[in-house]
Amino acid sequence: MRTAASVPAPAIPIRETFSVGSALSRSVSVWSRNLPFFLAVSIGAYLPMLLLVPGVLGTGRGWILFFVGFAVTIILSYVATGFMTYSVLEQLRGRVPGVGDAISYGASRAGPLLWAAFVTSLLLFAAGLLLVIPGIYFAVRWALMAPVVIAEKGVDPRARSAELTAGHRWGIFGLIVLMGIASLILVGVLGAVIGPSTNVLVRLVGQIVPQAFVLSFSAVVYGVIYYQLRSEKEGIDIEQLTSVFR
């Protein structure tokens, strides 16, 4: 089977300690080495929004297509997150995973990911209705839900994420804020400059590509944080962590 057209990141040491700087540095390294591959799969997740949704919403049919495209994109984004997380963990091990293997494993975990995300979103919405702060608190507490679902089977992803993030939530919150600001700048500025358009190429550059950058980088960041926290708290090495994929 052909391997992914990506360059493996240097293997992480057997034991690593989480910090904002180390997580960000490691994530940038992994992401930049695999940008074409990760960006391609992330753009694929957003294609329904490009192909189904008209550039300017003004009719009932346009809004129906928007919601259909949005729903399909959400599903595909979790599939993409699944095999990007798989790929990140394998590459931290020093391997270059096959495209077929990555897609197959990501697809196999799409159902559990979607269900966990649905339940988590409802809980976060309920917490946000109380006050903004509880919503933020639980968002950080459950930040590693996706990599937990990918790398660990048969566990409560929110409880497991809460266990791993304990003691480092301010740092994780800082990373989330940094990614949020970068996302707003990238997506917001390009969207404002290009503006509404029905041209497919213009929408691809101004809307889809920026969102694909955000999706791919955030998947790498959460995968790296997940490994570093397991390494720090449990002394686990990457061989043990990726044994679930075998």
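Among the residues of region 118-155, write down those that are of a type in the set (Val, Ile, Thr) and either modelled with pLDDT of 85 or more or under 16 Å from the mean Cα position of the chain (by Cα) (or both).
119, 120, 136, 140, 148, 149, 150, 155
Among (1) surrounded by 15 or more Cβ atoms within 10 Å (Cβ to Cβ); (2) out of contact with any Ser or Thr (no Cβ under 8 Å at 6 or more places or on another chain); (3) under 16 Å from residue 224 (Cα atoms), there is one condition residue 94 misses while meeting the rest; what is its number?
In the conditions (1) surrounded by 15 or more Cβ atoms within 10 Å (Cβ to Cβ); (2) out of contact with any Ser or Thr (no Cβ under 8 Å at 6 or more places or on another chain); (3) under 16 Å from residue 224 (Cα atoms), residue 94 misses (1) alone.
Given the options 88, 96, name the one that is under 19 Å from residue 43 (Cα atoms) and among the aliphatic types (A, V, I, L, M).
88
Restricted to region 1-32, and to residues that are surrounded by 16 or more Cβ atoms within 10 Å (Cβ to Cβ) and outside any helix (DSSP H, G or I), which residue is modelled with the highest pLDDT?
Ranking the qualifying residues of region 1-32, first place goes to 18.
Within region 135-163, take every residue that is assigned to a loop (DSSP other than H, G, I, E, B) and among the charged types (D, E, K, R) and give me the one that is surrounded by the most Cβ atoms within 10 Å (Cβ to Cβ).
Checked region 135-163; the qualifying residue surrounded by the most Cβ atoms within 10 Å (Cβ to Cβ) is 152.
Search region 120-156 for residues being touching a residue at least 60 places away in the same chain (Cβ under 8 Å) and of a type in the set (D, E, K, R), and hand back the single one that is farthest from residue 88 (Cα to Cα).
Applying the filter and picking the extreme gives 153.
Looking at 200, 214, 187, can you tell me which residue is under 27 Å from residue 134 (Cβ atoms), modelled with pLDDT under 85 and surrounded by fewer than 20 Cβ atoms within 10 Å (Cβ to Cβ)?
Exactly one of 200, 214, 187 is under 27 Å from residue 134 (Cβ atoms), modelled with pLDDT under 85 and surrounded by fewer than 20 Cβ atoms within 10 Å (Cβ to Cβ), namely 187.
Say whether the condition of being surrounded by 15 or more Cβ atoms within 10 Å (Cβ to Cβ) and over 15 Å from residue 150 (Cα atoms) is met by at least one residue in region 108-122.
The answer is yes; a qualifying residue exists.
The values are calculated or read from the model by the stated rules, or taken from the named source; none is laboratory data. Quantities reported herein were computed from a predicted structural model and do not represent experimental measurements. Glycine gets a Cβ as well: all are built from the backbone with ideal geometry, and neighbour counts include every protein chain shown.
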